[in-house]
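One structure is given below, encoded as structure tokens.
The values are calculated or read from the model by the stated rules, or taken from the named source; none is laboratory data. Predicted model, so just to flag it, every value in this text is computed and none were measured. A quick note on method: Cβ atoms are made from the backbone with ideal geometry, for glycine too, and the neighbour counts reach across all protein chains shown.
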Amino acid sequence: MLGTISHTENIMASTITFFVCFLHLLIISIFSTVLGEWNTKDYLKREHSLVKPYQSSGMNIPMWDIIGSTMVTNNYIRLTSDHQSKSGGIWNSQPLLVKNWELHVHFKVHGSGRTLYGDGFCIWYVKDRMQLGHIFGSRDHFSGLAIFLDTYSNHNGPHNHVHPYISAMVNNGSLSYDHDADGTHTELSGCEAQFRNKDYDTYVSIKYYENTLKVFTDIDNKNNWKECFSVDGVHLPTGYYIGASAATGELADNHDILGMKLYELDVPGSLNPDDFRDIVPSAEFFAEPREHVDDPDVPSWSVWKIMLLVVLFVIFFVAAAVVALYFYQKHQEGNRKRFY
């Protein structure tokens, strides 16, 4: 009997211990979730975020400026419409004084083109803002970071990817983005991303954390971030500006920004952001170079004419020889008939 009581007490003790541990873990989980949610909201930098409703009064957007063909509506900010030769942008007016940050961009690229469309848009963190140019609607030789969401392939060089394609470039002002090669010579890294003409929301996340650049996408309607690429050794200063721009050429698309949210990332022991204001943008690693190969030389029209004349002469000569042989044979037959 004593053995049975002791065994029962052990079972009860184990059961109580199990429920205490379970309750403890449940409390920790709930607390962590609440704390995590609180931290996310606490570190949202509203002066660098763009959320609906965009307008406060008139056409002005607080702490944001528009340029070029950009059009502001109640539901989206259209950088370019689905028309040729358009370029536009939207830029934050406040310099970003945060060392570690993450930017979420809610966007939509869509248009009537089925097989041909372009050109794409870019998300910027650069020194100079509000300058139109031919690099996805903004200036070349920029200083800072560019994330290109490229929808059009030039087909003027070897590519190991298809479009649409997301890539990154860091520039100190000395480099030029090579449109003919889709930027492959200055690319840090990239990934294919079929984000065009989706019926659901599409997002891209740019995370800069302790000199590491990571880009994620949420374009599959799964409400989940998927890593596009990660690059270490990226050095960016504080005090630059974020923005987005787009351009169309002979091909076109609607390039819409629906929202931007910038979060300051909490890094224990991180240095004072002011210590990074004078850093020159640079990257220690680049994607493996893919040499640009020129298209095969096409003979000029004069060469084609000479070749055509030669071919026609050969054809004429052969035809004349056949006709001459035919009449010669007929003549020989006539001569034979005279002898009989």
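Hey, among THR238, THR184, THR212, which residue is in contact with a Gly (Cβ under 9 Å, 6 or more places away or on another chain) and within 28 Å of GLN94 (Cβ to Cβ)?
Details: THR238 fails: in contact with a Gly (Cβ under 9 Å, 6 or more places away or on another chain); THR184 fails: within 28 Å of GLN94 (Cβ to Cβ).
After ruling out the rest, the residue left standing is THR212.
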### Task
Provide a single number: the residues in the stretch 78-102 that are surrounded by 22 or more Cβ atoms within 10 Å (Cβ to Cβ) and either on the phi > 0 side of the Ramachandran plot or aliphatic (A, V, I, L, M) (or both).
3
### Query
What number of residues in the stretch 79-120 are within 22 Å of PRO62 (Cα to Cα) and not in a strand (DSSP E or B)?
5
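Take the residues in the stretch 27-68 that are basic (Lys, Arg) and in a loop (DSSP other than H, G, I, E, B), then tell me which one is modelled with the lowest pLDDT.
Initially, the stretch 27-68 is screened for residues basic (Lys, Arg), giving 41, 45-46, 52.
Applying the additional criterion that residues be in a loop (DSSP other than H, G, I, E, B) yields 45, 52.
Working: LYS45: 97, LYS52: 91.
In this case the residue turns out to be LYS52.
Looking at the stretch 264-272, is at least one residue outside any loop (DSSP other than H, G, I, E, B), modelled with pLDDT of 95 or more, assigned by TED's automatic domain parsing to the domain that holds LYS127 and surrounded by fewer than 20 Cβ atoms within 10 Å (Cβ to Cβ)? Outline the logic, then answer.
Keep residues of the stretch 264-272 that are outside any loop (DSSP other than H, G, I, E, B), which gives 264.
Filter once more, keeping what is modelled with pLDDT of 95 or more: 264.
When the remaining residues are screened for being assigned by TED's automatic domain parsing to the domain that holds LYS127, the result is 264.
Pick out the ones that are also surrounded by fewer than 20 Cβ atoms within 10 Å (Cβ to Cβ) and you get 264.
Yes, there is a match, as at least one residue in the stretch 264-272 is outside any loop (DSSP other than H, G, I, E, B), modelled with pLDDT of 95 or more, assigned by TED's automatic domain parsing to the domain that holds LYS127 and surrounded by fewer than 20 Cβ atoms within 10 Å (Cβ to Cβ).
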### Task
Report the residue count in the stretch 122-137 for those that are out of contact with any Asp or Glu (no Cβ under 9 Å at 6 or more places or on another chain) and closer than 14 Å to MET169 by Cβ.
5
